[in-house]
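Beneath this line is the structure, given in structure tokens, with notes to follow.
Values quoted throughout were computed directly from the atomic coordinates according to the rules given, and no laboratory measurement underlies them. As the structure is a computational prediction, the values presented were derived from the model and not from experiment. Cβ coordinates were reconstructed from backbone atoms using ideal geometry, including for glycine residues, and neighbour counts include every protein chain displayed.
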């Protein structure tokens, strides 16, 4: 695992966070706050929480294309509201019906995944879940690649809940489309059972699940019989001594990126080590 490559995808996920935090009511922005330069925004991504009788659509990420070599990037932010934390806590295993022989995955993650949809940036229209999210993402990338190599590299990256959803998406893309995605996730929780993990491993070529040894989130969901299993391939970091320990600092995307590349990613002041 090349930490430099890993860190290069982190700013896309951070941009998804920044966009949501700076404009929480805007579900379909025309531009993305702090999106890395040299990339064109081609689609925005929305989701719905499944708690309560009314599920409102919120901004959750984006698809951008650019760089050298030209690469498609799907960026998914993590949990940013109390309602989304509630979604995270639904850990009953359910069949992952998006992929044949896909095993079982956490009900909360799959319920959120099935609400994902995309929109043309800035479009004034109602947001709706995609009938098939992976196909919608693949069609976006293939359409944008017209005149380019239709097999341009595709990176799917996410943090926390976004890492779990990215894991589901890359399995779906690999199994059901012509896209051959790479997965770069930060602080992703366990997503499914051993059957899902094995199916995922057989589908995905490049996959890195980066986790902090002192972050509690990558160890959940957990049960007494170890039904939940992590997907390949894990890459451990350790923020002890490099960042102040707290639940939030250990889980922060900035902490992950700083530990991977302290020379290029400054640590947030709130997480500076003490003593």
- Any chance you could run the full-extension gain for residue 70 through residue 26? It's 0.36 nm times the residue separation minus the Cα-Cα distance, nm to one decimal. 13.0 nm
- Message: Counting only Cα atoms, I'd like the Rg/Rh figure for the stretch 184-275, Kirkwood definition for Rh.
- Response: 1.04
- Query: Using the alpha-carbon centroid of each, what span in Å lies between the stretch 55-71 and the stretch 169-183?
  - Reply: 16
- How do 92, 180 line up, fewest other C-beta atoms within 10 Å first? 92, 180
- Ranked highest first by average number of other Cβ atoms within 10 Å, how do 30-39, 164-173, 218-227 line up? 164-173, 30-39, 218-227
- Note on the structure: Packing-ranked peptide list from 250-258, 112-120, highest mean Cβ count within 10 angstrom first, is 250-258, 112-120
- Query: Taking 0.36 nm per intervening residue step and subtracting the Cα-Cα distance, what contour gain separates residue 56 from residue 223 on full extension?
  - Reply: 57.0 nm
- Query: Which of 245, 9, 208 comes first, and how do the rest follow, when ranked by fewest Cβ neighbours within 10 Å?
  - Reply: 245, 208, 9
- Query: Once the Cα gyration tensor of the chain is diagonalised, what are the square roots of 5 times its eigenvalues, in whole Å and ordered largest first, as equivalent ellipsoid semi-axes?
  - Reply: 25, 23, 20
- Cα gyration tensor of the stretch 197-247 diagonalised, 5x eigenvalues square-rooted, in angstrom largest first, produces semi-axes 24, 16, 6
